[in-house]
Amino acid sequence: MLLEAAPLLMTGLSVAVAFKTGLFNIGAPGQYLMGAMTSLLVALAIPTTPNTAFFVWLLALIAGMLAGMLWGAIPGFFKAVFNVNEVIVCIMTNWIAANAVSWVFYLTGDRFINIAETKTKFIRKTITNGVATPKFGLDKLFPGSHVDISLFIAILFAVVIYIILNKTTFGYELKACGFNKNGAKYAGMNEKRNIVLSMMIAGGLAAGGAALWYLNGENDFLWNTYSTLPSEGFNGIPVALLASNNPIAVIFSSVFLRYIGKGGFNLAGYTAFNEYVSDLIVAVIIYFAGFSKFIKDFITERQAKKEEKALAAEAAGAVAAEIAERHEAEAVSANAAQTKTEEDDK
């Protein structure tokens with residue numbers, strides 16, 4: 001479960017970063033596929049020795065993330081330059097990526113296909129080339145599993161993203177563009193650049209999730225993806241929503257949702273219930289999370305209106321008091337003038 005939470009955490013971060021800058025990154029599945037393809041090509045194409053395997057793994061991870069960044073830059077560019085809705089472009093790039101991955105592995109022939117295990121619909125595992133994510137003894141701590149340090153790497157990414165968004169000028173500019181693009185532009189920020197960079201970061205994170213998953217060395221990749229999109233990309237959306245787009249909260253929401261999903265899988269295996277019960281539970285949780293935000297915003301708006309009315313009443317009272325004082329002063333002046341006139345007549 002810990003291993004399966006890593007790609008979900010990364011795609012959740014991808015969606016959360018885009019949300020923070022006012023964008024909806026529904027293109028995470030396509031970025032995920034591009035990251036998977038590129039990292040696998042690098043990991044399997046470069047011959048390794050026990051001394052160089054780690055560097056090939058690192059190179060494959062970086063290459064996968066760079067591919068996702070380039071793929072994420074496409075909807076960011078169209079949004080920044082032509083003001084095309086990023087959702088439309090993301091949906092298009094998802095299916096372009098799905099077909100491109102199939103096409104690339106089809107052209108490479110049998111070089112990367114897992115013929116040795118007669119799994120012709122899958123790509124060879126990276127362990128066949130000696131490339132695998134370091135485990136640092138976690139496989140001994142959890143015997144019988146393929147767990148590695150992927151989750152800890154994903155957590156490190158979450159911490160870095162949190163620091164960037166909340167402790168740096170660059171992060172402030174990204175969030176400013178999300179709150180009000182025109183206001184950010186008026187303040188001297190390059191809003192177009194920030195939109196593109198935001199989608200590039202989101203794409204790199206989604207692709208990094210795929211790279212961490214398939215570089216494990218034990219996970220199969222179905223290369224004929226022209227008709228399907230990976231669920232991990234879409235599942236990042238409820239992870240980000242449940243975490244209210246907070247990078248640190250994404251860590252806990254991703255593990256929580258993966259725990260429920262794993263429970264649903266076991267439910268189908270050991271009981272008479274369907275595994276999709278877990279999806280229903282997740283949907284209910286997301287709805288309540290959405291309603292809680294709605295209720296919070298409603299209460300905040302009512303309190304703001306009450307404060308506004310109180311301030312208006314206080315201002316009206318002050319104006320009324322000032323008018324009364326002015327009338328009283330005028331009356332006193334009139335009485336004094338009348339008294340003086342009467343004394344002059346006498």
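We did not get these values from a lab; they are worked out from the coordinates using the rules stated. A quick note: this is a predicted structure, and the numbers were derived from the prediction, not measured. Positions of Cβ are generated from backbone atoms using ideal geometry, with glycine treated the same way; all protein chains shown enter the neighbour counts.
General remarks:
- With 25 Å as the limit on Cα-Cα distance, the pairs of 167/309; 20/192; 140/262; 175/293 that go past it are 167/309.
- Cα Rg, Dmax, the chain, angstrom units: 29.8, 129
- Distance from the Cα centroid of segment 129-181 to that of segment 66-107 is 23 Å (rounded to whole angstrom).
- Of 318, 202, 73, the one that fluctuates the most in a GNM where the chain has Cα springs shorter than 10 Å: 318
- Distant-in-sequence amide H partners of residue 221 (H built 1.01 Å from N, under 5 Å): 123
- Per-residue ellipticity at 222 nm from helix content only, as computed over the chain with -39500 (n - 2.57) for each DSSP H run of at least four residues, stands at -26000 deg cm²/dmol.
- Summing Cβ point charges (Lys, Arg +1; Asp, Glu -1) relative to the Cα centre of the chain gives a dipole of roughly 1520 debye.
- Taken about its Cα centre, segment 63-170 carries a charge dipole of about 120 debye when Lys and Arg each add +1 at the Cβ and Asp and Glu each add -1 at the Cβ.
- In segment 174-277, the ratio of gyration radius to Kirkwood radius, Rg to Rh, stands at 1.10 when only Cα atoms are counted.
- Axial C-alpha extent at least 20 Å, average Kyte-Doolittle at least -1.0 - helices from the chain (DSSP): 2-20, 28-45, 53-82, 86-107, 150-167, 191-214, 247-270, 277-345
- Of the residues 261, 65, 137, the one whose Cα sits farthest towards the positive end of the charge dipole of the chain is 137 (charges of +1 on Lys and Arg Cβ, -1 on Asp and Glu Cβ, taken about the Cα centre).
- Under a model in which nothing but the beta-carbon of Lys, Arg (+1) and Asp, Glu (-1) is charged, segment 1-152 shows a dipole of about 80 debye around its Cα centre.
- Under 5 Å between amide hydrogens, built in the peptide plane, is the criterion, and for residue 113 it picks out 124 among residues at least 5 positions away or on other chains.
- For the peptides 89-95, 44-50, 206-212, the ranking by mean Cβ contacts within 10 Å, running from highest to lowest, is 206-212, 89-95, 44-50.
- Structural size metrics of segment 96-233, computed from C-alpha coordinates, are Rg and Dmax of 19.8, 61 Å.
- Seen from all directions on average, segment 1-122 presents a Cα convex hull projection of 9.2 nm².
- Footprinting exposure proxy ranking of 239, 147, 277, fewest other C-beta atoms within 10 angstrom first, gives 277, 147, 239.
- Near residue 133, the amide H atoms lying under 5 Å from its own belong to 216, 217; only residues 5 or more places off or on other chains count, and H is placed 1.01 Å from N.
- Exposure proxy ranking, count of Cβ atoms within 10 Å, fewest first, for 327, 146: 327, 146
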